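Just so it is clear, none of the values below were taken in a lab; they were calculated from the coordinates. The model shown is predicted, which means the values in this text are computed figures rather than measured ones. We place every Cβ from the backbone using ideal geometry, glycine too, and count neighbours over all the protein chains shown.
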């Protein structure tokens, strides 16, 4: 497995996302949550095909950290990729690690989308 440097952790604002291209040509959205966990999901909104999820609204539903698409507001669980508004749709999640303050995303998918 190889890793792609995405952003310095101290440059990643809490509850905000950044978009990055990783080794296999996929755009990912990387988020730093309020508990300092860093997660990554596909950047492309599966409902519209547009790369916007890094600009989505981060929040929670119960104990689930979610991002709402800025276009039509469908919510995606940031840890599993599941869509809370349509159980037949999900986004892929990606392994993330932090090394010497650098957020790195694996160049392979952790969780395949069901769609």
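Assorted remarks:
- Most simply put, the chain has about 95% antiparallel DSSP beta bridges, counting only bridges with both residues inside it.
- For percent of Cα pairs over 26 Å apart, calculated from these coordinates, the label among (i) 43; (ii) 25; (iii) 10: (iii)
- Reciprocal of mean inverse Cα separation for segment 1-65 (Kirkwood radius, Å): 12.5 Å
- Order by protection proxy (mean Cβ within 10 Å, highest first), peptides 46-54, 8-16: 46-54, 8-16
- Estimated distance in nm for a label pair at residue 10 and residue 98, the labels positioned 7 Å out from Cα along Cα-to-Cβ: 1.2 nm
- Nearest-0.05 FRET efficiency for residue 47 and residue 2, computed from C-beta distance (R0 41 Å): 0.85
- Of the peptides 67-74, 78-85, the ranking by mean beta-carbon count within 10 Å, highest at the top, reads 78-85, 67-74.
- Length gained when the stretch residue 21-residue 85 is fully extended (0.36 nm per residue, less Cα-Cα span): 20.4 nm
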